[in-house]
1. For GLU68, indicate whether it is in contact (Cβ under 8 Å) with a residue 40 or more places away in the chain and in a helix (DSSP H, G or I).
2. Could you check, for the range 45-62, whether at least one of its residues is touching a residue at least 24 places away in the same chain (Cβ under 8 Å), surrounded by 12 or more Cβ atoms within 10 Å (Cβ to Cβ) and not in a loop (DSSP other than H, G, I, E, B)?
Amino acid sequence: MSELNIWKYAAKNKLTFSTNKGTLMSSDLFDLKVEDLDKIFSSLKKQEDASNTYTLLDTKKKENTDLEVKIALVREVFSDKIAAKEAAEKAAQTREQNRKIKDIIERKKDAELEGKSIEELEKMIQQ
């Protein structure tokens, strides 16, 4: 499967996904929630299990390739969505940490000013 460009294959062969939301093209997978992708994946894996025939002959059918590509597409979109979610969570944590640090800096600056005498504060205003 790694030698095959799954997105190109899906476009050339006009692969579609039957869902409870209707028939979807491969690009539509990006619009789905991870839970919906999981349901599609599960359904595809059941189809794969049902279509597996155990034989010593190498009789790979186009339907099997289509199914393998569909599974790979769903898996890739799912992974991308999970990675994007994790990146967003990390970015939010970083923003929150930076906000806390800035708040502490402001409090320390205020505390430093509080410790100065009236004369020192008045000199600071005049500068």
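Every number in this text was worked out from the coordinates using simple rules, so none of it is lab data. What you see is a predicted model; the values in this text were computed from it and never measured. Here the Cβ positions follow ideal geometry from the backbone for every residue, glycine too, while neighbour counts run over all protein chains shown.
1. It is true that GLU68 is in contact (Cβ under 8 Å) with a residue 40 or more places away in the chain and in a helix (DSSP H, G or I).
2. Yes, that holds for at least one residue.
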